[in-house]
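Below: the structure, in structure tokens.
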Amino acid sequence: MSEHKNSSYISAKESRKITRFNRRVTKKLEREREAAGHDPSLYTTVMKDPNNVVEFDNVCTYFFSDNGVVKAVDGVNFSVPKCSTVGVVGESGCGKSVTSLSLMQLLQRPSGQTVGGQIRFNLGDGTAYDIVKTPTSKMQEIRGNKISMIFQEPMTSLNPVFRIGNQVDEVIKLHNPQMSDEDVKARTLEMLDMVGIANREGVYRMYPHELSGGMRQRIMIAIALACSPTLIIADEPTTALDVTIQAQILDLLQGLKDKLNSSIMLITHDLGVVAGMADYVVVMYAGRVVEKGTADDIFHHPMHPYTIGLMRSKPVVGRKVDELYSIPGSVPNPVNMPDYCYFRDRCELTCDRCKGLYPPEIKISDTHIVSCYRYYEDGEVLGQPKSVNVEEL
Amino acid sequence: MEEKKNISQQAVPPAEGAREHGGEYLVEVENLVKWFPIKSSFFRLTIGNVRAVDGISFKIRRGQTMGLVGESGCGKSTAGRTMLRLLEPTSGEVYFDGQPLSALSRQELRKLRPRMQIVFQDPYSSLSPRLPVGEIIGEAVREHKIVPREEYDDYISRVMRACGLPEYYKDRYPHEFSGGQRQRICIARALALNPDFIVCDEPVSALDVSIQAQIINLLKRLQKDFGFTYLFISHDLSVVEHISDTVGVMYLGSMVEYTGTEKIFSHPLHPYTEALFSAIPVPDPDVKINRIILKGSLPSPANPPHGCKFHTRCEKCMEVCKYAVPEWTEVEPEHWCACHLYDSPQQKAAAEAAMEEAKAKGISEDGPQETL
Ligand SMILES: Nc1ncnc2c1ncn2[C@@H]1O[C@H](COP(=O)(O)OP(=O)(O)OP(=O)(O)O)[C@@H](O)[C@H]1O
Ligand SMILES: Nc1ncnc2c1ncn2[C@@H]1O[C@H](COP(=O)(O)OP(=O)(O)O)[C@@H](O)[C@H]1O
Ligand code: SF4
Ligand code: SF4
Ligand SMILES: [Mg+2]
Ligand SMILES: [Mg+2]
């Protein structure tokens, strides 16, 4: 009576084959990175638009796992303009975090690899790094100095056995080795003040567990901003927090961004948070960008059926509905993606063209781009995201 | 009133005894208190108390949903658990279907257990990894003999179907399921015991928006079909607004306001409710909401401020708020609130007298309250 058939079951023989393949490919990729690292001309490039801080250009990041290749991010295209906030939204597992980890080069290696595309990071002097090929030593200079990251769970990112002050000091010292101890401490206290910690001398001597979730997140923000980065990546910065504290933290982030002239890449699944903060919004689904535009484009003229479904499934205070809309079906298996539109099996608005290959990007306006056949006649048809054939690696 | 339909098609025996409680209300909470002692590390002496729940009162109508909201650490989960007697209350009383729970013997309480269930926040850790799904759902059904033995298998299948779980999941293990499916399993486990009352403690907080919608719809449908009464704990106010008939707001262990959902969202009385609701993010970039940003952070529940516990952060704080505890009052019909702004003339006089007395005793404004 039970049914054990499941496409994700793998025989021992297949499993051995996968392991062998993974080992070969990841070794080769690691070797290539190593080689590229010695020659700056291989990883130095120029921005397409100098007003961007980062440009993701058909980025493909795959995990070579025991069950096969997981195409966590597969042909992602978008950019983060200077001094602006870009919100990245989508369901759990759609590749939001992997996108940001690819930019930071913090993927779990060797199984996680960016196998295709370019991530161009603006150095501000007319040149840019292609992060995908940049060697680790150069990345360390960028991380924390130019890009810093705020994580979802502030407790796991702070070391429980060290005092708050020491942890902030350490980061400042790491990036400013010439500073004296007194200067470092003064700078730490200044940072704590900036993120709105009232009792800064006291907090300086406290341990992480003595602080509330909201205060811990403030400390994380202080650490992230210690070196005035040009880009702040905030991965679900307020998901673990309550609405009142969430409001405080978001206000704080927005204010500091303007003060430091930085950009923010805000990753979240809360559309309300994005609406309040972001200038641009990128909607991801199953490892690809399905729609992007200004906040006005996305919230007032959503086009992709997935974006529309996502908006409808969130209850909104003051808007009474009997039953919440829920998108039917579930995300396709990431090991075995179809070659047609990834959303087709759940889509309630399909048309004839949807039977074809994965839809191309369609430019509706200068800012608004959607990947869906429904709008094929409504705008300029751009290219399709390009997958990497792993067999050829 | 609508008769409660029974998933096992067995009649629920009506609660016995003449009751002054019960009737319209399934659950009534009177002055419920739960303190956790703080022990010193040396002699294991009690040196203070965390006042997790500090005297709350409310009633829930049969077949309705009460939402319970507030910042984390304000005592929502503790309130839910104490109501179900998963935690022993420090004082106060809970009437379930007219029966005072404190008067019940251990055995009587055990018999009542299946009728009060809880669904937890974290669908990952609340399921035993070593049991197959069928067993997780059925274990307690057998223990409490909810259905005759020969009907057992069929019954479990029926419960699973009601929760949108295909029958063949019975032999699978929890780790094979996604967060949303696990939450369905947790709901099925609670539902199988044929309860009247279910405490849902942040049941969708760990899930994605699209899966949240599925679970919320499921809970609502089950309520319609089986007449369940819910206590729905959440810090997501838009979800609470959607699912609840009434909403209670807690701050630092006390309930500050309780009334119908529409009323509390359209005109909140208590300054804390107002601040809390103003922080709800709205999915529209043009709506520039006027957030009331609360200053400072939640004071420690082990050492709450004097008088009104909210006075250290309240924009409308008055002199009297720092000394006299505001009374839990039905300010308007079916609208309870604890705030000096709504004091009647008598209450005002009493509060002022209490203030003078406190001042005479020399209790400092923000000083610690003496602990038991
Ligand atoms: N170390 C890893 N090994 C294998 N697969 C991974 C690994 N890390 C992530 N993945 C897979 O990559 C995909 C995208 O994951 P990612 O963490 O980017 O999702 P997300 O959009 O950030 O989701 P969430 O909202 O839950 O944080 C998922 O299918 C995930 O299972
Ligand atoms: N077992 C316990 N021992 C001591 N303190 C506790 C215990 N459980 C909860 N508390 C404290 O009681 C308060 C209320 O907790 P809780 O009810 O879990 O809050 P919420 O559910 O509103 O987030 C918190 O300050 C918490 O630290
Ligand atoms: S391309 Fe077709 S199937 Fe895909 S989202 Fe658009 S309408 Fe739906
Ligand atoms: S009693 Fe006073 S301090 Fe408390 S909420 Fe009301 S006005 Fe504010
Ligand atoms: Mg993530
Ligand atoms: Mg809780």
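The values are calculated or read from the model by the stated rules, or taken from the named source; none is laboratory data. This is a predicted model, so every value here is computed, not measured. Cβ sites come from the backbone with ideal geometry, for glycine too, and all protein chains shown count toward neighbours. When the accessible area is computed, the model is the full protein with side chains, heavy atoms only, and any ligands, DNA or RNA have been set aside. Shrake-Rupley method; radii C 1.70, N 1.55, O 1.52, S 1.80 Å.
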Global form of the stretch B:30-178, assessed from the alpha-carbon gyration tensor, a/c cut-off 1.5 = prolate
note = Simple spin-label estimate for residue B:267/residue A:111, 7 Å along Cα→Cβ, in nm, reads 5.9 nm
task = Kindly express, to the nearest 10 degrees and within the range 0 to 90, the angle between helix B:152-162's C-alpha long axis and the longest C-alpha principal axis of chain B.
result = 60 degrees
message = Quick check for you: which residues of the stretch B:162-194 have the amide N under 16 Å from the point 7 Å beyond the Cα of residue A:333 toward its beta carbon?
response = B:176-178
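What does the convex hull of the Cα atoms of the stretch B:198-310 come to per residue, in Å³, rounded to a whole number?
Details: hull volume 15.6 nm³, N = 113.
That works out to 138 Å³ per residue.
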note = Rg/Rh of the stretch A:234-303 (Cα atoms, Kirkwood Rh), to two decimals, equals 0.98
key: Over chain B - Rg/Rh using Cα atoms and the Kirkwood inverse-distance radius   = 1.00
remark   = Toy charge model, Lys and Arg Cβ at +1, Asp and Glu Cβ at -1: the stretch A:288-392 dipole around Cα centroid in debye, rounded to 20, equals 340 debye
task = For the stretch A:288-392, would you read off the P(r) tail past 25 Å as a percentage of all alpha carbon pairs?
result = 27 percent
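Which of rounded, prolate or oblate describes the stretch A:1-143 when judged by the alpha-carbon gyration tensor and an a/c cut-off of 1.5?
Oblate is the answer for the stretch A:1-143, as a/c is 1.5 or above yet b/c matches or exceeds a/b.
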request  = Can you tell me the 0 to 90 degree angle between the C-alpha axis of helix A:243-260 and the longest principal axis of chain A, rounded to 10?
outcome  = 80 degrees
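Please work out how much length the chain gains when fully extended from residue B:356 to residue B:303, using 0.36 nm per residue of separation minus the C-alpha to C-alpha distance, in nm with one decimal.
My answer for the length gained is 16.9 nm.
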query = Which value, in debye to the nearest 20, describes the size of the charge dipole of chain A about its Cα centre when Lys and Arg Cβ atoms bear +1, Asp and Glu Cβ atoms bear -1, and nothing else is charged?
reply = 1100 debye
query = Using modelled backbone amide H atoms (1.01 Å from N, in-plane), which distant-in-sequence or interchain residues come within less than 5 Å of residue A:112's amide H?
reply = A:64
Greater than 27 Å apart at Cα, pairs in A:133/A:259; B:145/B:170; A:185/A:257; A:173/A:259; B:59/B:309 = A:133/A:259
key: Heavy-atom accessible surface that A and B bury in contact, both chains counted, 1.4 Å, Å² to 100   = 3600 Å²
inquiry  = Let's test the formula: R0 of 35 Å, r as the Cβ-Cβ distance of residue A:67 and residue B:142. What FRET efficiency results, to the nearest 0.05?
reply    = 0.45
inquiry  = Please report Rg (one decimal) and Dmax (integer) in Å for the Cα set of the protein assembly as shown.
reply    = 28.4, 89
remark   = In the protein assembly as shown the accessible area split gives carbon plus sulfur, as whole percent at 1.4 Å, a share of 50 percent
key: Quarter of the Cα convex hull surface for the stretch A:27-96, i.e. its orientation-mean projected area (nm²)   = 6.6 nm²
ask   = Given H placed on each backbone N at 1.01 Å, which residues far from residue B:172 in sequence or on other chains put an amide H within less than 5 Å of it?
value = B:133, B:134
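In the stretch A:308-374, which trypsin sites (Lys or Arg not before Pro) are in a loop and have at most 14 other Cβ atoms within 10 Å, using DSSP for the loop call?
A:319, A:320
Is it possible to state the helix-based mean residue ellipticity at 222 nm for the protein assembly as shown, with each DSSP H run of 4+ residues giving -39500 (n - 2.57), the sum divided by total residues, to the nearest 500 deg cm²/dmol? What is it?
-9500 deg cm²/dmol
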task = Might you report the magnitude of the Cβ-based charge dipole of the stretch B:29-83 about its Cα centre, with Lys and Arg at +1 and Asp and Glu at -1, to the nearest 20 debye?
result = 180 debye
request  = Considering only B:188, B:349, B:52, give the residue with the highest GNM mean-square fluctuation for chain B, with springs between Cα atoms whenever their separation is below 10 Å.
outcome  = B:349
query = Just going by the charge dipole of the protein assembly as shown, with Lys and Arg at +1 and Asp and Glu at -1 on Cβ, which of A:300, B:169, A:246 is farthest out on the positive end?
reply = B:169
ask   = Is the shape of the stretch B:93-151 best called rounded, prolate or oblate, per the rule: a/c under 1.5 gives rounded, else a/b larger than b/c gives prolate, else oblate, with a ≥ b ≥ c the square roots of the Cα gyration tensor eigenvalues?
value = oblate
key: Per residue solvent-accessible surface (Å²) - the stretch A:288-392, probe of 1.4 Å   = 52 Å²
note = Per the 1/(1 + (r/R0)^6) rule, R0 = 22 Å and r from the Cβ atoms of residue A:228 and residue A:159, FRET efficiency to 0.05 is 0.40
